[in-house]
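A.B. asks: Okay, here's the structure, questions in a sec.
Coordinate-derived values only; no laboratory data. All values reported here derive from a predicted model rather than from experimental measurement. Reconstructed Cβ throughout: ideal geometry from the backbone, glycine too, with neighbour counts over all protein chains shown.
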Number of protein chains: 2
Amino acid sequence: MCEADAYIRKKGETDYVLLLSSVDKVIPGETGILLESVFGEQKMLTAKINEMSLVDHKILLEHF
Amino acid sequence: MCEADAYIRKKGETDYVLLLSSVDKVIPGETGILLESVFGEQKMLTAKINEMSLVDHKILLEHF
């Protein structure tokens, strides 16, 4: 499977923490990002995508 | 490998066209999005992410 793990950090910080594993869908919206895992778990958060590396299975997010 | 194919459509249109295959990295910036394939090919474009489905290997973009 090709899901990725989503990590997030606070604005200006350097360290990321795991937010949600096995992410399938990433849907940015007006006010934030909706993540959905392969198990159907959803997380909506006010953040932006810093970088995604699909080969490394990593989604790096940052709070506004 | 878990790369995805990036498709793009013009604002307000319904049909997507293939933009770049085998995308590894997706890096949104102030003025647009940088895509990089596993082969090192890069494309920078003024667009936003509509939706990504990693399990389906699809990145759907839309021009501003």
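A.B. asks: Name the shape class, rounded, prolate or oblate, that the alpha-carbon gyration tensor gives for chain A, where a ≥ b ≥ c are the square roots of its eigenvalues, rounded holds for a/c under 1.5, and otherwise prolate holds if a/b is larger than b/c and oblate otherwise.
C.D. replies: Verdict is oblate for chain A.
A.B. asks: Out of A:Phe39, A:Cys2, A:Pro28, whose Cα points farthest toward the positive end of the dipole of chain A (charges: +1 Lys, Arg; -1 Asp, Glu; placed on Cβ)?
C.D. replies: Checked the options; the winner is A:Pro28.
A.B. asks: While we're looking at this one, here's another question. Around A:Lys58, under 12 Å between beta carbons, what's the net of Lys plus Arg minus Asp minus Glu among the other residues?
C.D. replies: -4
A.B. asks: Could you tell me the convex hull volume per residue, in Å³, taken over the Cα atoms of the protein assembly as shown?
C.D. replies: 103 Å³
A.B. asks: Assuming a strict under-16 Å limit between Cα atoms, what lysine pair count do you get for chain A once near-sequence pairs (fewer than 8 apart, same chain) are dropped?
C.D. replies: 6
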